[in-house]
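*Asks:* There's a structure below that I have some questions on.
Every number here is computed from the coordinates shown, using simple stated rules; none is lab data. From a predicted model like this one, the values you see are computed outputs, not experimental measurements. Using ideal geometry, Cβ is built from the backbone for each residue, glycine included, and neighbour counts are taken over all protein chains shown.
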Amino acid sequence: MKKNKMSTSKKIDTVVTYVILIAVCFIFFFPVLWLILSSFSKSGSIYDIGGFFPKSYSFDGYHKLFTDTEMYNYPNWLKNTLFVAVGSSFLGTIMVILTAYTISRFEFKSRKMLMKSTLVLSMFPSFMGMTAVYLMMVNFGLINKLWSLILIYSAGAPMGYLVQKGYFDTISGSIYEAARIDGANNITIFRKMTLPLSKPILVYTALTSFAWPWSDFILPNLLLKKKDMWTVAVGLMHLGETEFTRFAAGSIFIAVPIVILYFALSRFLIQGVSSGAVKQ
Amino acid sequence: MNVKEKMINIKDILLHSSLPVRLSTCIMGTGQLVYRQWLSGILYIGIFAAMVYYLITSGVNDIIGFITLGTVEADPWLRIKGDDSVIMMLRGLLAFLIIIAFLILHVANIKHVLAIEKLVKSGKKIPGLRKKIDYVLDKKFYAVALALPIAGVLVFNVIPIIFMIIISFTNYGGDIVPPKLIDWIGFGNFKKILSLTKIKDTFFRILGWNVVWAVASTFLNYFGGLGLALLLNKKCVKGKAFWRAFPILAYAVPGFITLLAFKFMFSYGGPVNYYITSLGGDAVGFLDIDAGIKAKIIGLCVNAWISIPTSMLLATGILSNMNDDLYEAASIDGATKWKQFYKITLPFVIFATTPVLITTFIGNFNNFGVFYFLRGGLYMDGYFLASDTDLLINWLYNLSIDNNYYGIGAAVSLIIFIITSIFSLVVYINSAAYKKEDTFR
C-alpha cells in the first residue's frame with residue numbers, strides 16, 4: 001500500500017519534471033527556431049512576415065546576402081571578421097598560454113603582485129579603457145584599421161589567463177623536476193614537454209579567442225567608422241526592420257560556425273565557466 | 001618602511017661604496033667599464049645618453065606641457081597653430097612612463113655593478129655574454145616569457161586606464177575639445193556629478209536602477225541556472241545530453257544576435273505586435289521611450305535567456321563534485337527533499353560559487369549590451385543624456401562616445417570602479433569561502 005503511494009507520487013514528480021523541462025527547452029529553442037525560419041522567408045521585411053512563421057519559404061535571403069552587396073556588403077564584412085578573428089586567435093593564444101604557463105609553473109618575486117594587479121585591472125569598467133584606446137587611436141590616426149583591432153584583442157587576452165592557469169596547475173610538477181635533473185633547460189621543457197601536453201587547452205584557447213572577436217560589436221563599432229571596414233556584427237546592427245530576412249540570414253550564417261564550435265567543445269565549457277570558482 | 005630602507009641603502013652606496021659603484025650610480029654604465037665589462041658598460045652608457053637626449057629634446061617639454069596642458073590657443077584667422085592639450089596629456093604620460101622605466105633600469109645597473117664587484121673581490125671569473133644570455137633564457141624564463149604579454153597589457157589596458165584617470169581631473173569634453181585648450185579642474189567633474197542638479201539627478205536615478213537591475217538579474221540568473229541544473233540532475237530524467245543541448249544552444253548564439261533578434265521580436269512590425277493587432281488590440285511600443293516598466297521587464301527576461309545557460313553549466317559542474325553520501329545520510333535521518341536542498345545543496349553551491357557570484361554580479365552591474373541593443377540612444381526628459389533603463393555603463397557610453405563628455409564620463413567610470421571594487425572586497429571578505437576555507441573539504 002505504502003509502496004504504491006510512493007510510486008504514484010514519484011510518477012507525478014516525473015511528469016512534472018518533464019513538463020517543466022519541455023517548457024524550458026521550448027523557451028530556449030523557440031527564438032532560435034524563429035530566427036532560422038525567418039531567414040528562409042520569401043519577403044524581406046518583418047512587416048510582411050506576419051507573426052512568427054513566414055508564409056512562404058525561399059533561399060532569397062541567403063542569395064541576396066551574397067549577391068546584393070550595393071548597400072550591405074556582407075561578403076566584405078565576413079572577410080574583415082575572419083581576418084580579425086584569425087589574427088587575434090593566433091596572437092592571443094600565444095600570449096595567454098605564455099602567461100598562464102609561466103604564472104602556474106614558476107615562483108618568482110612579482111608573481112602574486114601580477115595576479116593581484118590583473119584582478120584590480122578587471123574591476124575597471126571595460127569602457128573606461130576602451131574610451132581611452134579610442135581617443136588615443138583617433139589622436140594617432142589609427143582608426144579604421146583592422147590590424148589595430150587584432151592588436152587590442154590579443155594584447156588584452158592575457159587578462160583572461162585563469163582557465164589556462166587552472167589547466168597547467170593540474171600538470172604535476174614532478175615531471176618538470178625530473179626533466180630539470182636530466183639537464184633540460186626551461187625552453188626545452190616548454191617546447192618538448194609542455195606544448196605536447198597542453199594540446200586540449202591550446203585548442204580551447206585558440207577557439208575561444210577566435211569566438212570573441214567573431215561576435216564582438218563594441219570595439220569594431222568604436223574603431224571602424226568606414227563602411228567597407230565593418231565587421232559582421234557592426235553591419236548587422238545597421239539593418240532595420242525592412243531588412244529583417246537579410247538580418248536573420250546573416251545572423252544564422254555567422255552563428256552556425258560558433259554553435260558547432262561550442263558543441264564540439266562542450267566538455268571544456270563546464271570547466272571553463274567554473275574556473276572562476278577555483279581558488280588560486 | 002620599505003622605501004625608507006631603500007633610501008638609506010642608496011645613501012650607503014653613495015657614501016661608502018667603491019669608486020666604480022659610485023660612478024655607476026651617477027652615470028649608468030661607467031662602473032661596468034672600470035671593471036672592463038665593455039659591452040654592458042657601453043649598452044648602459046648608451047641608454048643613459050639616449051635618456052639625456054630625450055629629456056633635453058622633448059622629455060622636459062612634455063612634462064611641462066602635461067602640467068600646463070597648453071598655453072597657446074589655436075586661431076585660424078591669425079594662423080596660430082596652438083597647442084593640442086590631448087596630445088600633450090598623452091606625451092606627458094609617456095614621459096612619466098619613460099622616466100619610471102629609466103629609474104628601474106638604473107637600479108638594475110647599480111645591482112649589476114655590485115654583482116660584478118662581488119665576483120671580482122672573491123676572485124671569480126665574470127661570465128661572458130653568451131653564458132649570460134643562456135642564464136637569462138633559462139633561469140629567468142618567466143621574465144622572458146612574460147615580457148610580451150605584460151607589455152601588451154601595459155599599452156592597451158594600463159595606459160588607457162591611467163589616461164582616463166587623468167582625464168577625469170580635466171574639463172575635457174563638451175565644447176572643450178582641441179583646438180580649444182583643456183585645463184586641470186581637480187575634482188570638478190566629481191563635484192558636478194554629486195551636485196549639479198541635472199547630472200546629479202541622472203546619476204542617482206541611474207545608480208538606483210542599476211543596483212536594482214544587478215540584484216534582480218543576478219538573483220534570477222543564478223537561481224534559474226541552479227534550478228535548471230538540479231532539474232537536469234534528477235534521476236528520473238533520461239537523455240540528459242539531449243535536454244542540455246537546448247540551453248547550450250542559447251549559450252552559443254552570439255549575444256548581439258540574440259539581443260537584436262529580441263529587439264525585432266518586440267518591435268512594431270514584430271510577431272508579438274502582429275498577434276496583438278490581429279486580435280484587435282493596438283500595437284504596443286514595448287521598447288519605446290515611454291515604455292517604462294515593460295522595457296525593464298523585457299530586459300530582465302532577455303538577460304535571463306542569455307545568462308541562465310552559463311550559470312546552469314556552472315552549477316552542473318559544481319553539483320557533479322558533490323558528495324552523495326551526505327544525501328544518503330540525510331535521507332536515512334528522514335530529511336525531506338526541500339530540507340536537503342536548503343541544508344546541504346544550497347550552502348555547498350553558494351560556498352563554491354561565491355567568487356563566480358561576485359563576477360556575475362559585477363558583470364550584470366556593468367551589462368552594456370542588453371539595453372544598448374534593446375533601446376540604445378534614447379534620451380529622456382529628466383535625464384541628462386540617458387533613459388530610464390540605461391545603466392551607468394550605458395550612460396558612460398552616451399556621455400563619452402556619443403556626446404564627447406570625456407571628463408564627466410571618466411569620472412563616472414572611476415565611480416563605477418570604486419563601487420564594484422568595494423562591493424567585491426566586502427562580499428568576498430564576509431563570504432563563507434573566505435572565512436572558513438575548509439568547511440566543505
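*Asks:* Starting from the eigenvalues of the Cα gyration tensor, five times each then square-rooted, give me the equivalent ellipsoid semi-axes of chain A, largest first, whole Å.
*Replies:* 40, 33, 17
*Asks:* Just to confirm a number: summing +1 for Lys and Arg and -1 for Asp and Glu over residues other than residue A:193 whose beta-carbon lies under 13 angstrom from that of residue A:193, what do you get?
*Replies:* +3
*Asks:* Taking H as built 1.01 Å from N, whose amide H comes closer than 5 Å to the amide H of residue B:270, not counting residues under 5 places away?
*Replies:* none
*Asks:* On to the next question. Could you work out the relative contact order of chain B, using alpha carbon pairs under 8 angstrom and six or more residues apart, expressed as a whole percent?
*Replies:* Answer for chain B is 16 percent.
*Asks:* Quick check on my link table: of A:116/B:118; A:165/A:192; A:64/A:227; B:200/B:294; A:165/B:343, which ones sit more than 27 Å apart, alpha carbon to alpha carbon?
*Replies:* A:116/B:118; A:165/B:343
*Asks:* I've got another one for you. Under 20 Å from a label point 7 Å along Cα→Cβ of residue A:53: give me every residue in the range A:235-267 with its amide N that close.
*Replies:* Once the point is set 7 Å along Cα→Cβ of residue A:53, A:245, A:248-249 turn out to lie under 20 Å by backbone N, inside the range A:235-267.
*Asks:* Let me ask you something else. Show me, bin by bin at 5 Å from 0, the whole-percent P(r) of the range A:73-129 based on Cα pairs.
*Replies:* Percent of Cα pairs in each bin: 4, 15, 13, 15, 18, 14, 9, 6, 4, 2, 0.
*Asks:* Just to be sure I understand the model, the point goes 7 Å from the Cα along the line to the Cβ. What's the resulting residue A:139 to residue A:195 distance in nm?
*Replies:* Distance between the two pseudo-spin positions: 4.0 nm.
*Asks:* Same structure, new question: Taking the alpha carbon gyration tensor of the range A:137-280, what are the square roots of 5 times its eigenvalues, largest first, to the nearest whole Å?
*Replies:* 39, 20, 12
*Asks:* Nearest 10 degrees is fine. How inclined is helix B:129-139 to the longest principal axis of chain B, computing both from alpha carbons?
*Replies:* Computed tilt is about 30 degrees.
*Asks:* Consider all pairwise Cα distances in chain B and report the whole-number % of them above 42 Å.
*Replies:* Numbers: 42057 of 97020 pairs.
Across chain B, Cα pairs with separations above 42 Å total 43 percent.
*Asks:* Quick check: Cα centre of the range B:99-118 to Cα centre of the range A:158-189, how many Å?
*Replies:* So the two Cα centres are separated by 30 Å.
*Asks:* Continuing with the same structure: So how strong a dipole does chain B carry about its Cα centre when Lys and Arg Cβ are +1 and Asp and Glu Cβ are -1, to the nearest 20 debye?
*Replies:* 1840 debye
*Asks:* If you put +1 on each Lys and Arg Cβ and -1 on each Asp and Glu Cβ, how big is the dipole of the range A:5-132 around its Cα centre, in Debye rounded to 20?
*Replies:* With only Lys, Arg, Asp and Glu charged at Cβ, the dipole is about 780 debye.
*Asks:* For the protein assembly as shown, what does the helix formula give at 222 nm: sum of -39500 (n - 2.57) over DSSP H segments with n ≥ 4, over the residue count, nearest 500 deg cm²/dmol?
*Replies:* -22000 deg cm²/dmol
*Asks:* Using amide H atoms built in the peptide plane, which far-off residues or other-chain residues are under 5 Å from residue B:174 H to H?
*Replies:* B:405, B:406
*Asks:* Which one of B:169, B:41, A:39 has its Cα pushed farthest toward the positive end of the charge dipole of the protein assembly as shown, where Lys and Arg give +1 and Asp and Glu give -1 at the Cβ?
*Replies:* B:41
*Asks:* Apply the Karplus curve 6.51 cos²θ - 1.76 cosθ + 1.60, θ = phi - 60°, to the phi angles in the range B:325-342 and return the couplings in whole Hz, x for Gly and Pro.
*Replies:* 4, 4, 5, 4, 4, 5, 4, 4, 6, x, 6, 6, 4, 4, 5, 4, 4, 5
*Asks:* Now, a different point. Taking the alpha carbon gyration tensor of the protein assembly as shown, what are the square roots of 5 times its eigenvalues, largest first, to the nearest whole Å?
*Replies:* Details: eigenvalues 491, 262, 127 Å².
Here the semi-axes work out to 50, 36, 25 Å.
*Asks:* Now for a separate question. Tell me which of A:167, A:265, A:239 sits at the most positive position along the dipole axis of the protein assembly as shown, charges placed on C-beta atoms (Lys, Arg +1; Asp, Glu -1).
*Replies:* Ranked along the dipole, the leading option is A:167.
*Asks:* State the Kirkwood hydrodynamic radius of the range B:216-284 in Å, one decimal place, computed from all pairs of distinct Cα atoms.
*Replies:* One decimal place: 14.9 Å for the Kirkwood radius.
*Asks:* With just the Cα atoms defining each centre, how far is the range B:232-258 from the range A:43-79? Give it in Å.
*Replies:* Rounded to whole Å, the Cα centres lie 28 Å apart.
*Asks:* Still on this structure, I have one more. Run the quick spin-label model on residue A:14 and residue A:42: label points 7 Å from Cα toward the beta carbon, then report their separation in nm to one decimal.
*Replies:* For the pair residue A:14/residue A:42, the computed spacing is 4.6 nm.
*Asks:* Please state the charge dipole magnitude for the range B:275-379, taken about the Cα centre, from unit charges on C-beta atoms (+1 on K and R, -1 on D and E), reported in debye and rounded to the nearest 20.
*Replies:* About 180 debye.
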